[in-house]
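Right, one structure below, let's go through it.
The values are calculated or read from the model by the stated rules, or taken from the named source; none is laboratory data. None of these values were measured; they are calculated from a predicted model. Positions of Cβ are generated from backbone atoms using ideal geometry, with glycine treated the same way; all protein chains shown enter the neighbour counts.
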Amino acid sequence: MNRPDVQTFFDEPTNTFSYVVWDPVTQKAAVIDSVLDYDAASGRTNHASADDIVNFVEAKGLTVEWVIDTHVHADHLSASPYVQSRLGGKLAIGEHIRAVQETFGKLFNANDGFSVDGSQFDHLFKDGERYVLGSIEAVAMHTPGHTPACMTHVIGDAAFVGDTLFMPDYGTARCDFPGGDARALYRSIHRIFALPESTRIFLCHDYKTAGRDTYAHETTVGEERRANIHVHDGVDEDAFVNMRTARDATLSVPRLLLPSVQVNMRGGLPPAEDNGVRYLKIPLDAF
């Protein structure tokens, strides 16, 4: 048995897909890329989206072993610490979180005891690390390019690729954030393309296209290799890098980048200050 069951959750305000993936034999589960609801105008957070996940897991009687973020998201705040507090499991991310913490810790002048060694997480996945979800074998693959810390988790026949790939008609992730690298992304994608063509790919985002008016979250390695508009078979590395670099130059800064990164690099919200209030910083003229 190498085919996990997968339940998808969609947060339309951030165009984010979150997943519960589990072994149907043992009922062992992982939660991947959960969303903390955040209102930028008021600075208020709530757990409505995360509670949908919690309620599903409890109703199914699943046992959560892992609460995973594929990378330090720049477009939504992660609810992973809250999910862990409700469901248990190990809070996990890729080991290259340290590079993101180093870069953005300086940007946000995080001098409140913020550590850049990844110790905020219970587990830091290494490239090629093998683990199990119940009776299903899994492997963590370092797939940088969008960020230096992006990981793809291949659980049985299902690959959770974060922001590395989008639906074939939408293309690939941007590479213009600090530590991003279009050449690294091309090579990471080709690691994914080396998986069996039938491998199911579960995406972290979708934004529709001019020819498609519904959101989509699942494709396959074969479909991406045949039809991805940016990186289908036959597109060479230099052509991809030139396309990606030119495209990235036209993109605006994500709406929630500044609150998202400073929360997600910490594995949770910043500590309260001496008045009992938590604060997020907005660095001026930094982007």
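Summary of computed values
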{"quantity": "Given (1) part of a loop (DSSP other than H, G, I, E, B); (2) modelled with pLDDT of 95 or more; (3) closer than 25 Å to A40 by Cα, number of the condition G118 does not satisfy", "calculated": "(3)"}
{"quantity": "Members of segment 199-210 found to be modelled with pLDDT under 95 and closer than 19 Å to H71 by Cβ, listed by number", "calculated": "Y207"}
{"quantity": "Single unsatisfied condition, D37 versus (1) surrounded by fewer than 17 Cβ atoms within 10 Å (Cβ to Cβ); (2) in a strand (DSSP E or B)", "calculated": "(1)"}
{"quantity": "Residues satisfying the stated conditions in segment 200-210, i.e. of a type outside the set (K, R), surrounded by fewer than 18 Cβ atoms within 10 Å (Cβ to Cβ) and assigned to a loop (DSSP other than H, G, I, E, B)", "calculated": "Y207, A210"}
{"quantity": "Selection count, segment 56-92, where residues are in contact (Cβ under 8 Å) with a residue 60 or more places away in the chain, part of a helix (DSSP H, G or I) and over 18 Å from F17 (Cβ atoms)", "calculated": "1"}
{"quantity": "Filter result (outside any loop (DSSP other than H, G, I, E, B) and modelled with pLDDT under 95) within segment 211-255", "calculated": "R212"}
{"quantity": "Residue list for segment 173-198, restricted to those being of a type in the set (D, E, K, R), in contact with a strand residue (DSSP E or B) (Cβ under 7 Å, 6 or more places away or on another chain) and either surrounded by 15 or more Cβ atoms within 10 Å (Cβ to Cβ) or not in a loop (DSSP other than H, G, I, E, B) (or both)", "calculated": "R191"}
